[in-house]
Amino acid sequence: MVQKIRLPFTESDPRMGALSAFAYIPIKLTRQSPSLQLVGLLDTGSSVNVLPYEVGLALGLTWEAQNLIIPLGGNLVSAEAKAIILSAQIANFEPVDLAFAWTSDRSAPLILGQTNFGSASKNGGSSKVGRPLLLRTNYGMSALRSS
């Protein structure tokens, strides 16, 4: 069975109409006990998920404790980033583990790239990693989950 919800595009500049429309997704991120309700930019052109520095701190992460460095590209090419895994939940779907590049750039947005939103792999443990969640349509975004 497939569950789905419609996630509309949001216009960032009403004067430009559909030309400024971006897909923003409400998402709950958790690391152990702290949880945050956020809105992330779905960027299918990004190869990684990007976590802003301040969001990582709010989730209880410590920059110095993270050891795995991830190179970023585009506008974030000069920013240092470290690999982390967080639990993420969209709407009423079960939580999944997502890998993020936690960036030192304090102006970076929360970006949901294609790393976890296009693969069909599963983690050997109890949580699912990378199950297909999102499908782009001409009318907006649909979140999907097969059971």
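The values are calculated or read from the model by the stated rules, or taken from the named source; none is laboratory data. Since the model is a prediction, treat every value here as computed from it, not as a measurement. Quick reminder, even Gly has a Cβ in these numbers, built from the backbone with ideal geometry, and neighbours come from all protein chains shown.
Quick one: in the range 25-35, of everything that is out of contact with any Leu (no Cβ under 6 Å at 6 or more places or on another chain) and assigned to a strand (DSSP E or B), which residue is farthest from residue 89 (Cα to Cα)? So, considering only residues that are out of contact with any Leu (no Cβ under 6 Å at 6 or more places or on another chain) and assigned to a strand (DSSP E or B), the one farthest from residue 89 (Cα to Cα) is 35. Scanning the range 46-68 for residues that are in contact (Cβ under 8 Å) with a residue 60 or more places away in the chain and in contact with a helix residue (DSSP H, G or I) (Cβ under 9 Å, 6 or more places away or on another chain), which turns out nearest to residue 9 (Cα to Cα)? If we take residues in the range 46-68 being in contact (Cβ under 8 Å) with a residue 60 or more places away in the chain and in contact with a helix residue (DSSP H, G or I) (Cβ under 9 Å, 6 or more places away or on another chain), then 46 is nearest to residue 9 (Cα to Cα).
For the range 77-114, a tally of residues being free of Cβ contacts under 8 Å to residues at least 12 places away in the same chain and touching a Leu at 6+ places or on another chain (Cβ under 8 Å) returns 0. Kindly indicate whether residue 57 is crowded, with 17+ Cβ neighbours inside 10 Å, modelled with pLDDT of 90 or more and either within 11 Å of the chain's Cα centre (by Cα) or more than 23 Å from residue 5 (Cβ to Cβ) (or both). Against the criterion (crowded, with 17+ Cβ neighbours inside 10 Å, modelled with pLDDT of 90 or more and either within 11 Å of the chain's Cα centre (by Cα) or more than 23 Å from residue 5 (Cβ to Cβ) (or both)), residue 57 does not qualify. The residues on offer are 43, 105, and the sole one that is under 17 Å from the mean Cα position of the chain (by Cα), of a type in the set (D, E, K, R), modelled with pLDDT of 90 or more and surrounded by 16 or more Cβ atoms within 10 Å (Cβ to Cβ) is 105. Take residue 112 and tell me if it is in contact with a Gly (Cβ under 6 Å, 6 or more places away or on another chain), within 27 Å of residue 7 (Cα to Cα) and modelled with pLDDT under 95. Taking the combined requirement at face value, the residue satisfies it.
Can you confirm whether residue 135 is out of contact with any Lys or Arg (no Cβ under 6 Å at 6 or more places or on another chain) and at pLDDT below 65? So residue 135 passes the test.
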